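Undergrad: There's a structure below that I have some questions on.
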Amino acid sequence: MNYGNIKYCDIANGPGVRTTLFVSGCTHRCEGCFQPETWSFAFGEKFTSDAADAVIESLKPGYVQGLTILGGEPMEPANQKGLAPLLARVRRECPGKDVWVYTGDTIEDLLFGSRHTEDTDALLEHIDVLVDGPFVQELKSIGLRFRGSSNQRIIDVPATLASKQVEFWKDDPQYAVHDMV
């Protein structure tokens, strides 16, 4: 698996201060994508054990809330295989840190459809929040919190897996008074 960038102290891709890993490779190729360079699986650098160590170390300070993974497409089958060990390690070594993943897939397709692989279930067990659905240029809105287009959903993955139906993430109530929700 390759990655295009790792951002430390990101505040745009989930709540709080986060480390953000941008993986390479995406077959969705959404019109209006903000990073089309990441569509190529060869873009960027190989995700090595040194890169994984850097991600883990960056999550350890108390002010860092968690890890966000986007791309490219983290849930591409080839990327699932590369991310599964990282997310298992985050759970082991960084207790209390949350994991957000942005995908152009729907959770239904990941659970039951063509994007389900031998790694999907283990990967989903380590994800707290999944922002799912392709970016749709015609539905773009800068007023959406943590989403680019209104078709995308913010899913509470543990609750969804437990109830076997899509459960939405509940944002901090203080943001409900803002127009951006």
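FYI, it's all coordinate maths here, none of it is from the lab. Only a predicted model underlies this, so the values are computations on that prediction, with no experimental measurement involved. Positions of Cβ are generated from backbone atoms using ideal geometry, with glycine treated the same way; all protein chains shown enter the neighbour counts.
Undergrad: Which one of Ile11, Thr117, Leu144 has its Cα pushed farthest toward the positive end of the charge dipole of the chain, where Lys and Arg give +1 and Asp and Glu give -1 at the Cβ?
TA: Ile11
Undergrad: Given an 8 Å cut-off on Cα distances and at least 6 residues of separation, report the relative contact order of region 113-181 as a percent.
TA: Working: 78 pairs, mean separation 18.9, N = 69.
That works out to 27 percent.
Undergrad: Using r as the Cβ-Cβ distance of Gln165 and Ala12, and R0 as 25 Å, what FRET efficiency do you calculate, to the nearest 0.05? Display every interim value, and only then the final one.
TA: Numbers: r = 29 Å, r/R0 = 1.18.
Between Gln165 and Ala12 the formula returns 0.25.
Undergrad: Separate question: Would you compute the Debye intensity of the chain from its alpha-carbon atoms alone, equal scatterers and no solvent, and pass along log10 I(q)/I(0) at q = 0.08 Å⁻¹ to two decimals?
TA: Each listed q corresponds, in turn, to -0.22.
Undergrad: Tell me what the chain gives for mean residue ellipticity at 222 nm when only DSSP H runs of n ≥ 4 count, each as -39,500 (n - 2.57), the sum divided by the residue total, rounded to 500 deg cm²/dmol.
TA: -7500 deg cm²/dmol
Undergrad: For labels at Tyr63 and Asn5 in the simple 7 Å Cα→Cβ model, what's the distance in nm?
TA: 2.1 nm
Undergrad: Could you give each residue of region 157-167 its phi-based ³J(HN,Hα) in whole Hz, using Karplus coefficients 6.51, -1.76, 1.60 with θ = phi - 60°, and x for Gly or Pro?
TA: 5, x, 5, 5, 5, 6, 8, 6, 8, 5, 10
Undergrad: How big is the dipole moment of region 1-64 about its Cα centre under a simple scheme where the beta carbon of each Lys and Arg is +1, that of each Asp and Glu is -1, and everything else is neutral? Debye, nearest 20, please. Present the calculation step by step, with values, prior to reporting the outcome.
TA: Working: 5 positive and 7 negative charges, 26 e Å.
Dipole about the Cα centre, nearest 20: 120 debye.
Undergrad: Shifting gears a bit: Enumerate the calculated ³J(HN,Hα) couplings along region 123-138 in order (Karplus 6.51 cos²θ - 1.76 cosθ + 1.60, θ = phi - 60°), each rounded to whole Hz, writing x wherever the residue is Gly or Pro.
TA: For region 123-138, the Karplus-derived couplings read 5, 4, 5, 9, 9, 8, 9, 10, 9, 10, x, x, 6, 10, 3, 5 Hz, x marking Gly and Pro.
Undergrad: Then there's this: Can you list residues whose amide H is under 5 Å from Thr68's amide H, if they're 5+ apart or on another chain and H is modeled 1.01 Å from N?
TA: Here Thr19, Thr20, Leu21, Trp100 satisfy the definition.
Undergrad: What dipole magnitude, in Debye to the nearest 20, does the chain give about its Cα centre under +1 on Lys/Arg Cβ and -1 on Asp/Glu Cβ?
TA: Details: 17 positive and 26 negative charges, 50 e Å.
Dipole magnitude for the chain comes out near 240 debye.
Undergrad: Continuing with this model, one more query. Apply the Karplus curve 6.51 cos²θ - 1.76 cosθ + 1.60, θ = phi - 60°, to the phi angles in region 27-37 and return the couplings in whole Hz, x for Gly and Pro.
TA: Going residue by residue, I get 9, 6, 6, 4, 4, x, 3, 7, 9, x, 4 Hz, with x marking Gly and Pro.
Undergrad: Return the subset of Lys97/Lys170; Lys60/Lys170; Lys46/Lys81 for which the Cα-Cα distance in this structure is over 19 Å, preserving the input order.
TA: Working: Lys97/Lys170 17 Å; Lys60/Lys170 25 Å; Lys46/Lys81 14 Å.
Table pairs above 19 Å Cα-Cα are Lys60/Lys170.
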